[in-house]
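The block underneath contains the structure these notes are about, expressed in structure tokens.
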Amino acid sequence: MALANSYYVARLMRSPRPADEQVMAKVALAYPSLQGQGTHLNVAGMAMAAHAPHPEAARAFMRYLVSDAAHRHLAEANNEWPVVPAVTFANPALQAMRAPAWQPDPLPVAQYAAQQALAQRLLDRVGYR
């Protein structure tokens, strides 16, 4: 058993290399869900530094990153799940991984930050480094 980010699995699924096909023939996907809560999602965020030398360019880039076009590109080229569920994309590996068993954890991302201190205390208590 291994825990892996889904984009690595999708990369193997989409690979034309026979060795990768052989690996995927031995892999079964499972989606951990504590008491039906859904599967944890890693999230990426963005921020602009207070003293950014080119704030307008940074804002334009951030607007692009939240666009449907950027989400489509990340799904198709990098095997990343779009944040916006309505974004359509052509990535057969992600489509195959989505149905039917996968349900994302519905916890709003804003609540992650509220629990960060508690999570860090738990990590410290168990000696995680």
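Okay, here's what the table says:
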| item | result |
| --- | --- |
| Karplus 3J(HN,Hα) series, Hz, for the stretch 58-67 with 6.51 cos²θ - 1.76 cosθ + 1.60 (x for Gly, Pro) | 5, 4, 4, 5, 5, 4, 4, 4, 9, 7 |
| Sorted largest first, extent of the stretch 55-124 alpha carbons per principal axis (Å) | 42, 41, 19 |
| Percentage relative contact order, the chain, counting C-alpha pairs under 8 Å, at least six apart | 26 percent |
| Of LEU118, LEU29, LEU41, the one that fluctuates the most in a GNM where the chain has Cα springs shorter than 10 Å | LEU118 |
| Dipole magnitude (debye, nearest 20) for the chain, charges at Cβ of Lys, Arg, Asp, Glu | 200 debye |
| Cα-based shape type of the stretch 1-48, given that a ≥ b ≥ c are square roots of the gyration tensor eigenvalues and the cut on a/c is 1.5 | oblate |
| FRET E, pair GLU56, THR88, Förster distance 30 Å, beta-carbon r, rounded to 0.05 | 0.50 |
| The stretch 25-114: trypsin sites (Lys or Arg not before Pro) in DSSP loop, at most 16 other beta carbons within 10 Å | LYS26 |
| FRET E, pair SER33, ALA69, Förster distance 41 Å, beta-carbon r, rounded to 0.05 | 0.85 |
| Which label in [x] 1.28; [y] 1.06; [z] 1.36 gives the computed Cα Rg over 2.2 N^0.38 Å | [x] |
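Taken together, the values in this text are just the output of simple stated rules run on the coordinates, not laboratory data. On a predicted model such as this, the values are computed, not experimentally measured, just so you know. Heads up, the Cβs are rebuilt from the backbone with ideal geometry, glycines too, and the neighbour counts pull from every protein chain shown.
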